[in-house]
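The block underneath contains the structure these notes are about, expressed in structure tokens.
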Amino acid sequence: MQRWKPGGGGTSQNPTSPTVAVTPASSSITTAQNLSVTIVVSGTSGTPTGSVVLSSGTYASSATTLSSGSATITIPSGSLAAGSATLTARYTPDSASSTTYSSALGTASMTVTQPVTTPTVSVTPASNTITIAQNLGVTIAVSGTSGTPPDRWFFPAEVMLHPPRPSVPARQLLRFRPDRFRRAPTH
């Protein structure tokens with residue numbers, strides 16, 4: 001159907017806007033995970049052809065050609081910042097669909113979190129054998145966490161190792177006062 005376009009100086013087709021559905025494989029991921037997103041473009045006058053670009057924040061995919069009206073795009077880990085994210089798919093018709101369909105957008109919301117890591121804590125006594133009257137120095141090292149773990153800490157005489165009472169099941173209690181910590185010497 002030809003329509004006159006005011007001020008346009010000619011005629012043009014009247015394309016319709018298709019529906020763009022954006023479906024992430026998960027509604028919540030961590031920054032360490034990839035995310036697969038399926039985009040389906042549908043219309044009332046046949047299957048739209050063309051391409052889609054997926055974006056969120058500073059991330060933008062390259063243009064992906066639709067196949068039977070859909071495309072799957074994988075967002076690499078680390079591409080989305082932690083927090084609430086809106087995934088936006090922009091459909092652009094190719095020459096075969098441009099007279100039938102106009103460009104269109106679709107969105108989906110999701111959550112991105114920081115991954116939870118379990119640190120490794122190693123405790124190394126300064127000596128393997130002491131008497132009840134001796135103090136024990138202990139080095140505690142933390143590793144495997146996000147960011148930089150604290151340096152090693154040395155707990156001198158302020159750390160007390162108490163033997164169990166005869167009526168208590170065999171266990172040892174390690175007590176320390178955080179205000180008495182001091183950094184271990186660096187080598």
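Yes or no, residue by residue, for (1) surrounded by 13 or more Cβ atoms within 10 Å (Cβ to Cβ); (2) outside any loop (DSSP other than H, G, I, E, B); (3) among the polar types (S, T, N, Q):
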position: 73; (1), (2), (3): yes, yes, no
position: 79; (1), (2), (3): yes, no, yes
position: 86; (1), (2), (3): no, yes, yes
position: 89; (1), (2), (3): yes, yes, no
position: 98; (1), (2), (3): yes, no, yes
position: 106; (1), (2), (3): yes, yes, no
position: 111; (1), (2), (3): yes, yes, yes
position: 116; (1), (2), (3): no, no, no
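Quick check on the range 13-29. Is at least one of its residues of a type outside the set (Asp, Glu) and under 30 Å from residue 139 (Cβ atoms)? There is no residue in the range 13-29 that is of a type outside the set (Asp, Glu) and under 30 Å from residue 139 (Cβ atoms).
Every read-out reported here was derived from the displayed coordinates using simple, explicitly stated rules and does not represent laboratory data. All values derive from a computational prediction rather than experimental measurement. Backbone-built Cβ (ideal geometry, glycine too); neighbour counts: all protein chains shown.
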